[in-house]
1. Return the only residue of A19, A44 being among the small types (G, A, S) and farther than 27 Å from Q90 by Cβ.
2. I need the full set of residues from the stretch 42-72 which are within 30 Å of S98 (Cα to Cα) and surrounded by 14 or more Cβ atoms within 10 Å (Cβ to Cβ), in order please.
3. Checking S53 against (1) outside any helix (DSSP H, G or I); (2) free of Cβ contacts under 8 Å to residues at least 24 places away in the same chain, which test does it fail?
4. Of all residues in the stretch 26-77, count the ones that are among the β-branched types (V, I, T) and more than 20 Å from P5 (Cβ to Cβ).
5. Please specify each residue of the stretch 56-74 satisfying the condition of being in contact with a Leu (Cβ under 9 Å, 6 or more places away or on another chain), in a helix (DSSP H, G or I) and β-branched (V, I, T).
6. Quick one: how many residues across the stretch 17-41 are exposed (fewer than 13 other Cβ atoms within 10 Å of the Cβ), of a type outside the set (S, T, N, Q) and under 26 Å from S98 (Cα atoms)?
7. Can you name the residue in the stretch 4-16 that is surrounded by 13 or more Cβ atoms within 10 Å (Cβ to Cβ) and touching a residue at least 12 places away in the same chain (Cβ under 8 Å) and is also farthest from D89 (Cα to Cα) among such residues?
Amino acid sequence: MPYSPWGPMIGRTLKQNQAVRRTPSMLNKDEEENLIQQGEIFGALWHYRSLKSKMVETINWGLKGGKKRPENLIECEAEYEAAVTVLKDQARVLERFSKMSTENVHEPGRGDPSEDQGAQPIYPEE
């Protein structure tokens, strides 16, 4: 199973978040697990996009480049190969979550999606 460190890293910040601390009902295991999952998705998206951009820019300039070559590009073949591996790992993380979300688009017992009746009120009518 692909692993991304982003979820646990972001999840650890829940108890320090001042906005969350103002609403203690958010400080529970379910919310923490949800934040970890969302953090894993966000982190993998950011990591994939940023790394892919850096890889494309490196290809455009080449590994050697020249005096005008931007800083902070991939420096050598070994780093580029490592980037390919990391990129594939992040893609697997995203793929895992995309399969989960497409399989669970309609919750069991919620009826046929074609019979959707639009938005429902948040608060029950009295």
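1. A19
2. F42, G43, A44, L45, H47, Y48, L51, K52, K54, M55, E57, T58
3. (1)
4. Count: 4.
5. Correct list: T58 only.
6. Residues in the stretch 17-41 being exposed (fewer than 13 other Cβ atoms within 10 Å of the Cβ), of a type outside the set (S, T, N, Q) and under 26 Å from S98 (Cα atoms): 3 in total.
7. Going through the qualifying residues, I end up with L14.
Let's see how each residue does on (1) among the aromatic types (F, W, Y); (2) at pLDDT below 90; (3) in contact with a Phe, Trp or Tyr (Cβ under 8 Å, 6 or more places away or on another chain):
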position: L63; (1), (2), (3): no, yes, yes
position: L73; (1), (2), (3): no, no, yes
position: A78; (1), (2), (3): no, no, no
position: L87; (1), (2), (3): no, no, yes
position: T102; (1), (2), (3): no, yes, no
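The values are calculated or read from the model by the stated rules, or taken from the named source; none is laboratory data. As the structure is a prediction and not an experimental result, all values here were calculated from the model. Cβ sites come from the backbone with ideal geometry, for glycine too, and all protein chains shown count toward neighbours.
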